[in-house]
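Below you'll find the structure, written out as structure tokens, and then a few comments.
The numbers here are math on the coordinates, done by the rules we state, and not lab data. Note that the structure is predicted; figures quoted are calculated from it, not measured. Note that we place each Cβ from the backbone using ideal geometry, even for glycine, and neighbour counts take in every protein chain shown.
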Amino acid sequence: MSISLALPLTLPDNVVWFKHGACVVKNDDVFNVYVAGTLVASFGAKDYAERNSVMCQLGKSAAVGLGQLAKGVGMSPEAFRQIRRLYEKEGLRAVVNRSPGGDRSKVTKAMRRRIVAGCEAGQSVRDIHAGLPKRTRPSRSVVGEIRKEWADQRSKAAKSEESAPAVVPQIELPLPAPVASTSPDTSTVVETTVEASPVPAALEQEDSQPAGLPMMPGESAASVTSETGSADEQLGARVRIKSQSPTSAESVQHLGSWVMLATVAGLGLHKIADETRGDRVEGGPLRVALDALTIALSVGQYCVEGVRRLATSTASTLLRCTQSPSASWVRAVLGRLAMDGGGHAFHFKVGGELIRSAAASASGPVVFYVDNHTRPYTGDQTLRRAWRMQDKRSTPGCTDFYVHTEGGTPALRVTAPDNPSLTQVLTPIAHLLRQACGPEDELLLAFDRGGAFPAQMSELKKMGGAKVGFVTYERAPYATLPQSAFTHKLTIGGEKLRFHESRKKNLRDGRGRVRRVAVLMDDGKQINILASSKAEAAQLIAVMKGRWGCQENGFRHGVMRWGINHLDGRETEPFPPDTIIPNPMRSQLDRALHIHRAAEGEARRKLSRLPKDHPKRAALQEQLDYALEHQSNLEFLRPFVPKHVPIEDTDLADKLVHHTTEYKATIDTVRIMCANAESELAIHLARYLRRPAEAKQVLKNIFNACGSVEVSDDALSLTIDVAGTHQEQGALESFLADLSAQDLRLPGDPRSLRFCLRSPE
């Protein structure tokens, strides 16, 4: 017997959740807004005054998902933002009297072509709108509508093309051992052009490739030029760029970024990239592309597109090339490096070096923090959802797993298309770290409660013979101890703690036991720590106390400073049709059941307050009967709707995709190296500052500083004009003097760098 979900109630399409316990339900042309099961507003599709009033009132709550709320009432997010700004500026009367939408009559054919060109260039609605003539440009909402139409047409065209099913990559953690470089000596300056790089046969297209523009994996020449941005950027992608020796110059913009460039080169970024590139890209263009991306990131940009900000009159001096490369040129060169597994090979080689460096500097167990980080996705593609702690809900996106050192610097990033849990990747990551470190190094993995399950802890416990231990928090509930039991005292970061190592925790089912350390916090709260390690209990507590500052703050800094949430690569692959996913119909059924249970509770509450002869009781009783009837139908159907089904059995068939990771891995490798270089420089600079916590901000001032360079046979002398207070000037002078003594060198140049501070007039 087959059960159909064709019920008299609308399940999937008419309900949009914008907050926990709050949703918009559309019935015909009427929108009903429920909060905690209570109907708080109801308005027609053309009742704009009531709609705008309700939206402004609901939008005051920080917990409300504004994009979902706008979607629920049939508005674009931009139109909602305009209404909110108008409400904040002029009050409720202004939004009630506001006419709907913009005027599309002023969109001429020429302007429409201009808007579509901006869409094809990958520009946002905001950027497209800002680039239109002020006198004749339509409203931003109209631009958004045209962009949506363009996206729909493009999506339909893509679906019509036949494509072979793609194979979903599994979680693979290759970490090649360091090998001696067989590449030519990079100490000499390479004079080469981009066109000299041969195109693999697999990438040859019928379309002619513009000179100097290597293609990204899977792209034709047309697709590269269509997504590179403005006409000026496309023109820049076609020029011939040569690497050249440094030249003496005055007033070079961002010259201070050579401090970052020399530091990442010293960490091995360019050397490893040269070992990885093979015959996919030549050394000269690769050096220029890596330099451009590194400098763009160091001066405050977040992605490859930030290379555009380097296009000044002194860019050729800064990048040591014939002219400033465009963002599309840099993107294409790095895309060549990422081809055929090069992106992952590059990433894991760099990660291996950082891991081995952390192990070499550790005096005891080598501590590594492991945690997941969700990158949200807001584009037009359909991606799998992942839990995002910041939002306290699942959201479309991708889950990355980062390994941080005890000092808080990132060393490695692992990702998979199906957004696995922490327990699924902990063991492979542990084996990876074991492989990277020396056989005598004792490792200690620290992670949060997301990995504190008996089966997972048992797997890690079995690696004890390989000198791999772990420490984590015990999941509640657990027995609390009397305060008198906490006999040992410990002070960490000014916080006074007491702890007691109680009896071991039994993992059951023959999995053995692990250590348990109970910690009494300042507020009287007890937290239990579980571990499989020979380290002292005080050290285990210190490691877990340091996890938040090292890793959680590291994620925040990575997002705000280095742009780790950027998508970078736009290429997607479909999931195989037999991939098992949570059943969307089951989720929709459960949400509908929740709505009707809330409606039942609201009806019963109102009925309990009315006298038996009240005229409204009949209508309320009808509402109650309606809710009970549909609850009964839904509860009957629920056992017949499985929790997990293959994609091909859902409406997500041929829609659910994941982004390829090779190119993203390449860009994130540079980000990780920059973050490590910044931390290394900040530790050094902080010793001279009155406010050591401001070291990274002062470093950013250095990277953005202009200056002059003087070239001699044995040195490159830099005079940098850095903004700073009188006290900071002395610190900067000492810091730059120390850098000069470290014999830093630019990638590909044998001469030492000498730094000095320009004296204020």
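The convex hull built on the alpha-carbon positions of segment 584-641 has an orientation-averaged projected area of 3.8 nm². So what's the gap between the Cα centers of segment 691-761 and segment 43-73, to the nearest angstrom? Cα centroid to Cα centroid, the span is 53 Å.
Counting only residues at least eight positions apart within a chain, or on another chain, the aspartates and glutamates with an alpha carbon under 13 Å from that of residue 60 are 88. Building the convex hull from the alpha-carbon atoms of segment 562-707 and averaging its projection over directions returns 18.8 nm². Per residue, the convex hull spanned by the Cα atoms of segment 477-559 measures out at 137 cubic angstrom. Each residue of segment 471-482 was assigned a 3J(HN,Hα) from its phi angle through the Karplus expression (A = 6.51, B = -1.76, C = 1.60, θ = phi - 60°), giving 8, 7, 8, 6, 7, 6, x, 8, 5, 8, 9, x Hz with x at Gly and Pro. Treating each Cα of segment 15-96 as an identical point scatterer and summing with the Debye formula, the log10 of I(q)/I(0) at q = 0.14 Å⁻¹ comes to -0.40. Pairs of alpha carbons in segment 104-160 separated by more than 18 Å make up 27% of all such pairs. Each residue of segment 458-612 gets 331 Å³ once the volume of the Cα convex hull is shared out per residue. Per-residue 3J(HN,Hα) values for segment 253-265, derived from phi via the Karplus relation 6.51 cos²θ - 1.76 cosθ + 1.60 with θ = phi - 60°, read 5, 6, 4, x, 5, 5, 4, 5, 4, 5, 5, 5, 5 Hz in sequence order (x marks Gly and Pro). Over all pairs of different C-alpha atoms in segment 629-761, the reciprocal of the mean inverse distance, the Kirkwood hydrodynamic radius, equals 19.7 Å.
As a rough guide to protection, the peptides 22-29, 700-707, 594-601, 109-116 ranked by mean Cβ packing within 10 Å, highest first, stand as 700-707, 594-601, 22-29, 109-116. For segment 323-385, the convex hull drawn through the C-alpha positions has a volume of 182 cubic angstrom per residue.
When the C-alpha to C-alpha distance is required to be over 22 Å, the pairs from 242/349; 71/148; 271/349 that qualify are 242/349.
Hydrodynamic radius of segment 420-474 by the Kirkwood approach over all distinct alpha-carbon pairs: 11.3 Å. Across segment 360-369, rounded Karplus estimates of 3J(HN,Hα) from the backbone phi angles (6.51 cos²θ - 1.76 cosθ + 1.60, θ = phi - 60°) give 5, 8, 7, 8, x, x, 7, 8, 10, 9 Hz, Gly and Pro being marked x.
Taking only the C-alpha atoms of segment 673-718, Rg followed by Dmax gives 13.2, 39 Å. For segment 381-405 versus segment 641-658, the spacing of their alpha-carbon centroids is 19 Å.
One Cα centroid belongs to segment 340-374, the other to segment 263-328; the line between them spans 23 Å.
Here the average projected area of the convex hull drawn through the C-alpha atoms of segment 290-405 stands at 10.7 nm². Less than 5 angstrom separates the built amide H of residue 278 from none of the residues sequence-distant by 5 or more or on a different chain.
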